[in-house]
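For reference, the structure discussed in these notes is given below.
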Amino acid sequence: MDGNSIVIQLENVSFSYRNGESVMGNLQFELRQGEKLGLIGPNGSGKTTLLHIIMGLLKPSSGTVRIFDKPVESEQDFRIVRQKVGFLFQNADDQLFSPTVLEDVAFGPLNLGKNPEEARQMSLKTLKALNLNGFEDRITHNLSGGEKKLVALATVLVMKPDVLLLDEPATGLDEHTNIRIIDILNSLDTSYVIVSHEYDFLARTTRDIYSMQGGKIEYNGRSENLHSHYHRHPHGKAPHGHD
């Protein structure tokens with residue numbers, strides 16, 4: 001794949017809920033190979049909806065979604081997409097449904113047709129890469145919030161996706177787990193989009209920042225500028241503007 005090729009493209013995409021409330025209108029969005037983008041915006045601005053449309057979990061009212069230069073519309077189209085595009089849900093409990101960690105991580109490879117031993121080895125390798133050695137027999141629902149988030153990430157990375165979509169990966173994490181996820185993401189040679197309210201997290205894991213408001217996406221600038229601004233400004237994490 002060309003290093004500058006478009007891997008995800010939304011053209012004139014609109015979406016409204018059944019009650020008629022419009023979330024986005026004629027939205028344009030592109031993710032190119034190798035890009036690491038952050039997306040910020042107020043609650044209700046459509047950030048999660050955007051990710052769900054890309055994954056085929058929601059159907060746009062109008063417009064075209066292209067993944068790897070192919071229009072995707074049917075459920076069959078999106079089943080193929082989900083083998084190449086990994087999605088981390090905002091709530092880890094939405095991603096974890098098996099009794100043990102190993103069963104959760106192995107579910108994806110088994111679903112792709114790997115035999116049980118292949119799926120086990122892939123899962124153990126992924127858990128080791130995330131410093132989750134010894135977690136394979138842990139009961140999933142007994143894990144801490146941070147541990148669940150890391151295991152949820154393992155269920156995505158074990159599939160070796162070409163693209164990652166991460167919805168609020170840093171929400172509710174302690175500082176130690178937050179740093180671990182930052183290190184993991186920075187070690188990946190994978191295109192991704194991160195939706196987050198955590199400005200410093202985005203500054204440390206992405207290269208470019210976009211904002212979403214009123215169903216539109218606008219380019220804000222380089223993440224490094226957000227990073228230096230965050231550390232210079234006395235308001236710290238508090239969202240703020242400038243005259």
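The values are calculated or read from the model by the stated rules, or taken from the named source; none is laboratory data. Since the model is a prediction, treat every value here as computed from it, not as a measurement. Note that we place each Cβ from the backbone using ideal geometry, even for glycine, and neighbour counts take in every protein chain shown.
With GLY34, GLY38, GLY25, GLY20 as the choices, which residue is within 18 Å of SER196 (Cα to Cα) and either surrounded by fewer than 16 Cβ atoms within 10 Å (Cβ to Cβ) or not polar (S, T, N, Q) (or both)?
GLY38
Among the numbered criteria (1) in a strand (DSSP E or B); (2) over 30 Å from GLY134 (Cα atoms); (3) touching a helix residue (DSSP H, G or I) at 6+ places or on another chain (Cβ under 8 Å), which one does GLU11 miss?
That leaves (3) as the condition not met.
Would you mind stating whether ASN178 is more than 23 Å from VAL85 (Cβ to Cβ) and over 11 Å from the mean Cα position of the chain (by Cα)?
Yes.
Could you list, in sequence order, all residues of region 122-168 that are assigned to a helix (DSSP H, G or I) and among the β-branched types (Val, Ile, Thr)?
The initial filter retains those residues of region 122-168 that are assigned to a helix (DSSP H, G or I), namely 122-129, 140-142, 145-157.
THR126, THR140, VAL151, THR155, VAL156, listed by residue number.
Only one of PHE97, PHE135 is crowded, with 18+ Cβ neighbours inside 10 Å and among the aromatic types (Phe, Trp, Tyr); which?
Just one listed residue meets the conditions, PHE135.
Please work out which residue is modelled with the highest pLDDT, limiting yourself to region 42-54 and to residues that are in a loop (DSSP other than H, G, I, E, B) and crowded, with 20+ Cβ neighbours inside 10 Å.
GLY46
What are the residue pairs meeting all of these: first residue in region 7-24, first residue more than 15 Å from SER45 (Cβ to Cβ) and in contact (Cβ under 8 Å) with a residue 24 or more places away in the chain, second residue of a type outside the set (A, V, I, L, M) and exposed (fewer than 15 other Cβ atoms within 10 Å of the Cβ), Cβ atoms under 6 Å, and 6 or more apart or on different chains?
Close Cβ pairs satisfying both conditions: GLN9/GLU30; GLU11/THR64; ASN12/ASN26.
Does GLU147 count as surrounded by 17 or more Cβ atoms within 10 Å (Cβ to Cβ), not assigned by TED's automatic domain parsing to the domain that holds LYS36 and not aliphatic (A, V, I, L, M)?
Answer is yes for this residue.
If you scan region 33-89, which residues turn out to be of a type in the set (S, T, N, Q) and under 14 Å from the mean Cα position of the chain (by Cα)?
Across region 33-89, the qualifying residues are THR48, THR49.
What pairs come up if the first residue lies in region 41-52 and is in contact (Cβ under 8 Å) with a residue 24 or more places away in the chain and closer than 12 Å to ILE217 by Cα, the second is surrounded by fewer than 20 Cβ atoms within 10 Å (Cβ to Cβ) and hydroxyl-bearing (Ser, Thr, Tyr), and their beta carbons are under 8 Å apart, counting only those six or more places apart or on different chains?
Cβ pairs passing all conditions: GLY41/SER211.
Quick check on LYS114: is it at positive phi and in a loop (DSSP other than H, G, I, E, B)?
No: the conditions fail for LYS114.
Hey, THR171 hits all of (1) of a type in the set (Ser, Thr, Tyr); (2) outside the structural domain of ILE40 (by TED's automatic domain parsing); (3) part of a loop (DSSP other than H, G, I, E, B) but one; which does it fall short on?
THR171 satisfies all of (1) of a type in the set (Ser, Thr, Tyr); (2) outside the structural domain of ILE40 (by TED's automatic domain parsing); (3) part of a loop (DSSP other than H, G, I, E, B) except (2).
Specify which of the listed residues (ARG82, ARG32) is among the charged types (D, E, K, R) and touching a residue at least 60 places away in the same chain (Cβ under 8 Å).
Testing whether each residue is among the charged types (D, E, K, R) and touching a residue at least 60 places away in the same chain (Cβ under 8 Å) leaves just ARG32.
Which of the numbered conditions does ALA106 fail, given that it passes all the others? Conditions: (1) crowded, with 20+ Cβ neighbours inside 10 Å; (2) not assigned by TED's automatic domain parsing to the domain that holds ALA154.
So ALA106 meets the others, but not (2).
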